[in-house]
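Coordinate-derived values only; no laboratory data. The shown structure was predicted, so the numbers you read here are calculated from the model rather than taken from an experiment. In this analysis, Cβ positions are derived from the backbone assuming ideal geometry, glycine residues included, and neighbour counts consider all displayed protein chains.
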Amino acid sequence: MSYYAKYVNKASYRVPALSGYDWTIRILDSKTQFYRMFRIHRNIFDNPHNLLLERYGLSLTRKMTSTEALDIFLWIYGGQQSMRQADNRFQRSLETVSRKFDKVLECVVRLATYIIRPKDPEFRTMHQRLRSARFAPYFDNCIRAIDGTHVPVTVPIDKVV
């Protein structure tokens, strides 16, 4: 009986009053609500969506549009919602929400490698402030780190204070 209750007797398919797709379409029409829900302006949403769709592998499926998949990603990521909250809001299973989130994240990472790159890949220039005598000894041969990324550094024993 325990096996039947756990694996065979599944919950019936949810038929929501407002599906995730319908909610997405409704939110897309309201600038204020769109920003509140996804932490991005509506006019900014279209360009990355189209770019992810055309070049970075975001695709629609038989049961979910690419817009809804991107909205699930933005709703979880931008609003710091949980997978369970997204499952409830978009009326999708946890597995579907998790898979779509991962798929969109893969596409965004591919896009990020195109966007986040050094202007000068040879690193020939150094910021003016780092050239001053005050900072020069500490930042000689330094490339840089983005957003406070920790980079392990080994200080020679003769330079340790």
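Angle check, please: helix 66-79 long axis (alpha carbons) against the longest principal axis of the chain (alpha carbons), in degrees 0 to 90, nearest 10.
That works out to roughly 60 degrees.
Contour minus end-to-end for residue 136 and residue 55, with contour as 0.36 nm per residue of separation and end-to-end as the Cα-Cα distance?
Length difference between fully extended and current span is 25.0 nm.
7 Å from Cα along Cα→Cβ at both residue 19 and residue 47: what's the point-to-point distance in nm?
For residue 19 paired with residue 47, the spin-label model returns 3.2 nm.
Could you point to the label whose value was computed as Rg and Dmax of the Cα atoms in Å for the structure here, given (1) 23.3, 77; (2) 15.6, 48; (3) 20.7, 70?
Given (1) 23.3, 77; (2) 15.6, 48; (3) 20.7, 70, the structure-derived one carries the label (1).
In sequence order, what are the phi-derived ³J(HN,Hα) couplings for the stretch 24-34 according to the Karplus relation 6.51 cos²θ - 1.76 cosθ + 1.60 with θ = phi - 60°, rounded to whole Hz, with x for glycine and proline?
Along the stretch 24-34, the couplings run 4, 5, 5, 5, 4, 7, 10, 4, 5, 5, 4 Hz.
If each residue's Cβ is checked for other Cβ atoms within 10 Å, how do 3, 21 rank with the fewest at the top?
Taking fewest neighbouring Cβ atoms as first place, the list is 3, 21.
For the stretch 71-130, which trypsin sites (Lys or Arg not before Pro) are in a loop by DSSP, counting at most 16 other Cβ atoms within 10 Å?
Answer by residue number: 119, 124.
Note down the relative contact order for the stretch 13-115 as a percent, whole number, built from C-alpha pairs under 8 angstrom at least six residues apart. Mind dumping the intermediate values first?
Working: 87 pairs, mean separation 31.3, N = 103.
Value for the stretch 13-115: 30 percent.
How large is the direction-averaged shadow of the alpha-carbon convex hull of the stretch 69-112, in nm²?
2.6 nm²
Given +1 on the Cβ of Lys and Arg, -1 on the Cβ of Asp and Glu, and no further charges, what dipole in debye does the chain carry about its Cα centre, rounded to the nearest 20?
It works out to roughly 240 debye.
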